[in-house]
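Since every read-out is calculated from the coordinates, none of them should be taken as a lab result. Please read these numbers as outputs of a predicted model, since none were measured by experiment. We place every Cβ from the backbone using ideal geometry, glycine too, and count neighbours over all the protein chains shown.
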Amino acid sequence: NAGVTQTPKFQVLKTGQSMTLQCAQDMNHEYMSWYRQDPGMGLRLIHYSVGAGITDQGEVPNGYNVSRSTTEDFPLRLLSAAPSQTSVYFCASSYSKFRGNSPLHFGNGTRLTVT
Amino acid sequence: AQSVTQLGSHVSVSEGALVLLRCNYSSSVPPYLFWYVQYPNQGLQLLLKYTTGATLVKGINGFEAEFKKSETSFHLTKPSAHMSDAAEYFCAVSEASGTYKYIFGTGTRLKVLA
């Protein structure tokens, strides 16, 4: 199994550009989520989804959109990139939205720089 | 809302010495607790988790953690540090609010000195 796959690994954007970070999992997990990691701030939840067609906001949702049309895919869209969105982005999935003892499985991250 | 506090953003130990990374959580109900490790330029990997039952939890690579409800703590230990343990470690709690959300601490970077 590939697990959680994120693309691209690196990306440089200019302020105002848009882009989509891709995330796919092949474990049939219900729960998928996006985090950003910034120095000294740990991981902060951006958006999450508990199944196809269902998404909700996390701690820092502003400037980001998500959709979940299939169980496997959970793309993160930046509509108009800002330097404050320079970060490392992680996609993570878990088996069940109702089982809090299910650990998260992480992708290897996307390092985004906005100039 | 739950929160997770990791004391010490950087910890240095000598090779062979005890590793102790601290984690405290706030919760009004018994939570599910996790420790993850992140090696450079990689995603996070699960080290161990506490759900119910035995309060001393053993994980991979010789790490273990003890859930202490009275102290709301879940500290991570390893009796003897190895150079390969150098990484960043994150404590996390899953919060039950209909569905589960995972809340992470700010991380502790472990440096192992030769």
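Considered as a group, the residues in region B:19-56 that are hydroxyl-bearing (S, T, Y) and more than 28 Å from A:G3 (Cα to Cα) include one that is farthest from the chain's Cα centre (by Cα), and that residue is B:S28. Within region B:46-71, the residues that satisfy the criterion of being closer than 16 Å to B:S94 by Cα and surrounded by 15 or more Cβ atoms within 10 Å (Cβ to Cβ) are B:L46, B:L47, B:L48, B:K49, B:Y50, B:T51, B:F67.
Only a single item in (1) assigned to a loop (DSSP other than H, G, I, E, B); (2) among the small types (G, A, S); (3) within 12 Å of another protein chain (Cβ to nearest Cβ); (4) crowded, with 16+ Cβ neighbours inside 10 Å is not met by A:A92, and it is number (1).
Listed here are the residues, each with its yes/no results for (1) among the aromatic types (F, W, Y); (2) farther than 24 Å from A:G107 by Cα.
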{"site": "B:Y50", "(1), (2)": "yes, no"}
{"site": "B:L56", "(1), (2)": "no, yes"}
{"site": "B:E66", "(1), (2)": "no, yes"}
{"site": "B:T72", "(1), (2)": "no, yes"}
{"site": "B:L76", "(1), (2)": "no, no"}
{"site": "B:A86", "(1), (2)": "no, no"}
{"site": "B:F104", "(1), (2)": "yes, no"}
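In region A:38-69, of all residues being on the phi > 0 side of the Ramachandran plot and not in a strand (DSSP E or B), the one that is nearest to the other protein chains (Cβ to nearest Cβ) corresponds to A:G40.
Considering only residues in region A:1-32 that are within 14 Å of the chain's Cα centre (by Cα) and part of a loop (DSSP other than H, G, I, E, B), the one that is nearest to A:L79 (Cα to Cα) turns out to be A:P8.
Yes or no, residue by residue, for (1) farther than 30 Å from A:V60 by Cβ; (2) within 14 Å of chain A (Cβ to nearest Cβ); (3) surrounded by fewer than 23 Cβ atoms within 10 Å (Cβ to Cβ); (4) of a type in the set (F, W, Y):
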residue: B:H75; (1), (2), (3), (4): no, no, yes, no
residue: B:K78; (1), (2), (3), (4): yes, no, yes, no
residue: B:A81; (1), (2), (3), (4): yes, no, yes, no
residue: B:F90; (1), (2), (3), (4): no, yes, no, yes
residue: B:E95; (1), (2), (3), (4): no, yes, yes, no
residue: B:T106; (1), (2), (3), (4): no, yes, yes, no
residue: B:R109; (1), (2), (3), (4): no, yes, yes, no
residue: B:V112; (1), (2), (3), (4): yes, no, yes, no
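Step by step: first the residues of region B:1-18, then only those that are over 17 Å from B:Q38 (Cα atoms) and of a type outside the set (G, A, S), then the one that is farthest from the chain's Cα centre (by Cα). Which residue is that? Ranking the candidates gives B:E15 first. Considering region B:40-73, and only residues there that are closer than 19 Å to B:V4 by Cβ and among the basic types (K, R), the residue that is nearest to the other protein chains (Cβ to nearest Cβ) turns out to be B:K49.
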